[in-house]
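Worksheet for the structure shown next.
The values are calculated or read from the model by the stated rules, or taken from the named source; none is laboratory data. If you're wondering where the values come from, they're calculated on a predicted model, not measured in any experiment. Here the Cβ positions follow ideal geometry from the backbone for every residue, glycine too, while neighbour counts run over all protein chains shown.
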């Protein structure tokens, strides 16, 4: 059992290293002078030189890279151009709201997707199936930067039930979570359905049915328990999309998380924050997908023992 | 039902393409500011109303169709070519080259795609070219992984072995004997890729990182309209519905193509 786990952790570490390197290169790969990009073409030469030295851009690339890696190990992510505060402190403030939002969206997606998928699978080819899958297709196709404003229009402006934006108590979480969770719910509902349909073909399901097990017990006790593995994998894969979607959703709702921080930083050309934000979200994604794989190994005896 | 599910999206996509191609031929005035028509609701002479500067929403929508089509096709073409070459060459070469390619692909997959595109677009600066470059820098990975997997299973086929025995070089084997066989799944992936690129372009423009004003994009139209949502909902509804219809149609066609070509793709 330890062999697949160790090799999975090993490759995750390689990826983490690659992610750090790519984020470092991001700013250097860009054609032209990063300092000019930051300060604009009309900046004073003395300002340029000062910034170049402050960023260590006058050193050779390998040296800059080593210094950057050394900083990462010490959790020293540099200082914000804008506020001069340590980037690590700024990020730390923004992490809880993002966890709250993505957690709520994920929970909502699962709560919606499982019944929807079960309903569709039970009435395969029927009206309910078409309805559920049509709903899911729209959910997949609707962009969150459009769904968000629509929800604000209906529930905040017309009905006045929820605040328009900001993070102020559980009610303010509802619209952002729905906006972010809808796409995931739609993808998951499709997966629950197809995974269930596959499981329902299995011999043991037929045996259970022949023994007179009720359809409801069959679905919830027998089929779902085996159908949820592919769903779990998909959740792990989709977390990247969820985190990416959080960037836009947070901007729509002025939700004070890492995503809206990143967009503000890009608009302000505050590159230390951009770098650290991209790094943080990507590392979180690597961590979660590795954990998903490990859980997979742990819960599926065919992998664990095979 | 089955016929309609293909025909309806096909018609919608044809309309989209026609609008995009015909936009420069029509006498459109997307940038014409008419202060007397600010936030005017839809009317006979302006079917979709006017925006916050009194510009006709329909004209801007048509120009926006051009933007989204250009980005959708540009991104998919660039990513598919780049990804196929990298994935195909890696699988064919094997050894450390393949290992390096796999690790690179893994690293790119570790970034939530839109996040990397947002950062890249922010660093590269606004403009339609940079949007295409940013999205293709993220998009090639899916094609590389797909083609690599295909070529790995195909490269031991008899016709490839025969071509090699006849003295064909690696490049010729890849381009003439392997890549054509990977076309079916590639087309399905590219179809979904168009939907992804169109949404991503609109998303970048929504964040202010895409095409710049006064150039119209459905994403920037939504962003500009949000401020006037209560008094002029048509500003947000029109581009959003257009975007939804295009993406929905592409996804429906992608599903149909996948079923038709009987392909199982790992949908991430």
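Inspect all residues belonging to the stretch A:125-132 and state whether any of them is closer than 26 Å to residue A:240 by Cβ and either out of contact with any strand residue (DSSP E or B) (no Cβ under 9 Å at 6 or more places or on another chain) or assigned to a helix (DSSP H, G or I) (or both).
Taking the stretch A:125-132 first, the residues closer than 26 Å to residue A:240 by Cβ are A:132.
Keeping just the survivors that are either out of contact with any strand residue (DSSP E or B) (no Cβ under 9 Å at 6 or more places or on another chain) or assigned to a helix (DSSP H, G or I) (or both) gives A:132.
The answer is yes, given that some residue of the stretch A:125-132 is closer than 26 Å to residue A:240 by Cβ and either out of contact with any strand residue (DSSP E or B) (no Cβ under 9 Å at 6 or more places or on another chain) or assigned to a helix (DSSP H, G or I) (or both).
Filtering the stretch B:203-217 down to residues that are more than 9 Å from chain A (Cβ to nearest Cβ) and in a helix (DSSP H, G or I), which residue is surrounded by the most Cβ atoms within 10 Å (Cβ to Cβ)?
Here is the first cut: in the stretch B:203-217, the residues more than 9 Å from chain A (Cβ to nearest Cβ) are B:204-205, B:210-217.
From what's left, in a helix (DSSP H, G or I): B:204-205.
Working: B:204: 29, B:205: 32.
Once the filter is applied, the top-ranked residue is B:205.
All but one of (1) facing chain A (nearest Cβ under 10 Å); (2) closer than 30 Å to residue B:259 by Cα; (3) surrounded by 23 or more Cβ atoms within 10 Å (Cβ to Cβ) hold for residue B:195, so report the exception by its number.
(3)
Test of understanding: among B:102, B:151, B:141, B:76, which residue is surrounded by fewer than 22 Cβ atoms within 10 Å (Cβ to Cβ) and either farther than 19 Å from residue A:243 by Cβ or in contact with a helix residue (DSSP H, G or I) (Cβ under 8 Å, 6 or more places away or on another chain) (or both)? Please lay out each step first, then the result.
Working: B:151 fails: surrounded by fewer than 22 Cβ atoms within 10 Å (Cβ to Cβ); B:141 fails: surrounded by fewer than 22 Cβ atoms within 10 Å (Cβ to Cβ); B:76 fails: surrounded by fewer than 22 Cβ atoms within 10 Å (Cβ to Cβ).
Among B:102, B:151, B:141, B:76, only B:102 is surrounded by fewer than 22 Cβ atoms within 10 Å (Cβ to Cβ) and either farther than 19 Å from residue A:243 by Cβ or in contact with a helix residue (DSSP H, G or I) (Cβ under 8 Å, 6 or more places away or on another chain) (or both).
Is it the case that some residue within the stretch B:149-163 is assigned to a helix (DSSP H, G or I) and within 22 Å of the chain's Cα centre (by Cα)? Give the derivation first.
Here is the first cut: in the stretch B:149-163, the ones assigned to a helix (DSSP H, G or I) are B:149-154, B:158-163.
Adding the requirement that they be within 22 Å of the chain's Cα centre (by Cα) leaves none.
No: zero hits.
For the stretch B:201-212, state whether one or more residues are modelled with pLDDT under 90 and farther than 17 Å from residue A:144 by Cα.
Within the stretch B:201-212, one or more residues are modelled with pLDDT under 90 and farther than 17 Å from residue A:144 by Cα.
With respect to residue A:159, determine if the residue is free of Cβ contacts under 8 Å to residues at least 60 places away in the same chain and either within 19 Å of residue A:197 (Cβ to Cβ) or facing another protein chain (nearest Cβ under 10 Å) (or both). If you could, list the steps in order and put the result at the bottom.
Working: free of Cβ contacts under 8 Å to residues at least 60 places away in the same chain: yes; either within 19 Å of residue A:197 (Cβ to Cβ) or facing another protein chain (nearest Cβ under 10 Å) (or both): no.
The answer is no for residue A:159.
Restricting to the stretch B:90-108, and then to whatever is within 11 Å of chain A (Cβ to nearest Cβ) and touching a residue at least 40 places away in the same chain (Cβ under 8 Å), can you tell me which residue is nearest to residue B:197 (Cα to Cα)?
Just the residues of the stretch B:90-108 that are within 11 Å of chain A (Cβ to nearest Cβ), to begin with: B:99-100, B:102-108.
Filter again for touching a residue at least 40 places away in the same chain (Cβ under 8 Å), leaving B:102, B:105.
Details: B:102: 24, B:105: 19 Å.
Step by step, filter the stretch B:90-108, then rank; the result is B:105.
Quick one: which residue in A:195, A:289 is over 30 Å from residue B:226 (Cβ atoms) and at pLDDT 85 or above? Break it down stepwise before answering.
On the way: A:289 fails: at pLDDT 85 or above.
Answer to the check: A:195.
Quick check on residue B:230: is it at pLDDT below 95, touching a helix residue (DSSP H, G or I) at 6+ places or on another chain (Cβ under 6 Å) and surrounded by 20 or more Cβ atoms within 10 Å (Cβ to Cβ)? Walk me through it before giving the result.
On the way: at pLDDT below 95: yes; touching a helix residue (DSSP H, G or I) at 6+ places or on another chain (Cβ under 6 Å): yes; surrounded by 20 or more Cβ atoms within 10 Å (Cβ to Cβ): no.
So residue B:230 does not fit the description; no.
Give the residue, chosen from B:200, B:190, B:184, that is within 14 Å of chain A (Cβ to nearest Cβ) and within 20 Å of the chain's Cα centre (by Cα).
Numbers: B:190 fails: within 14 Å of chain A (Cβ to nearest Cβ); B:184 fails: within 14 Å of chain A (Cβ to nearest Cβ).
Testing whether each residue is within 14 Å of chain A (Cβ to nearest Cβ) and within 20 Å of the chain's Cα centre (by Cα) leaves just B:200.
Rundown of residues vs (1) within 25 Å of residue B:235 (Cα to Cα); (2) buried (at least 17 other Cβ atoms within 10 Å of the Cβ), yes/no style:
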position	(1), (2)
A:130	no, no
A:134	no, no
A:143	yes, yes
A:173	no, yes
A:193	no, yes
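Can you list residue pairs whose Cβ atoms sit under 6 Å apart, with the first residue in the stretch B:240-268 being more than 8 Å from every other protein chain (Cβ to nearest Cβ) and the second being modelled with pLDDT under 85? Count only pairs 6 or more apart in sequence or on different chains.
B:256/B:6
Which of the residues spanning the stretch B:121-136 are without any contact (Cβ under 8 Å) to a residue 24 or more places away in the chain, more than 7 Å from chain A (Cβ to nearest Cβ) and either surrounded by 21 or more Cβ atoms within 10 Å (Cβ to Cβ) or touching a strand residue (DSSP E or B) at 6+ places or on another chain (Cβ under 8 Å) (or both)?
Result: no residue meets the conditions.
Select from the stretch B:2-39 the residues that are within 21 Å of residue B:231 (Cβ to Cβ), surrounded by 12 or more Cβ atoms within 10 Å (Cβ to Cβ) and free of Cβ contacts under 8 Å to residues at least 24 places away in the same chain and list them in ascending order. Reasoning before the result, please.
Taking the stretch B:2-39 first, the residues within 21 Å of residue B:231 (Cβ to Cβ) are B:33-39.
With the extra rule that they be surrounded by 12 or more Cβ atoms within 10 Å (Cβ to Cβ), the set shrinks to B:33-34, B:37-39.
Within the stretch B:2-39, B:33, B:34, B:37, B:38 qualify.
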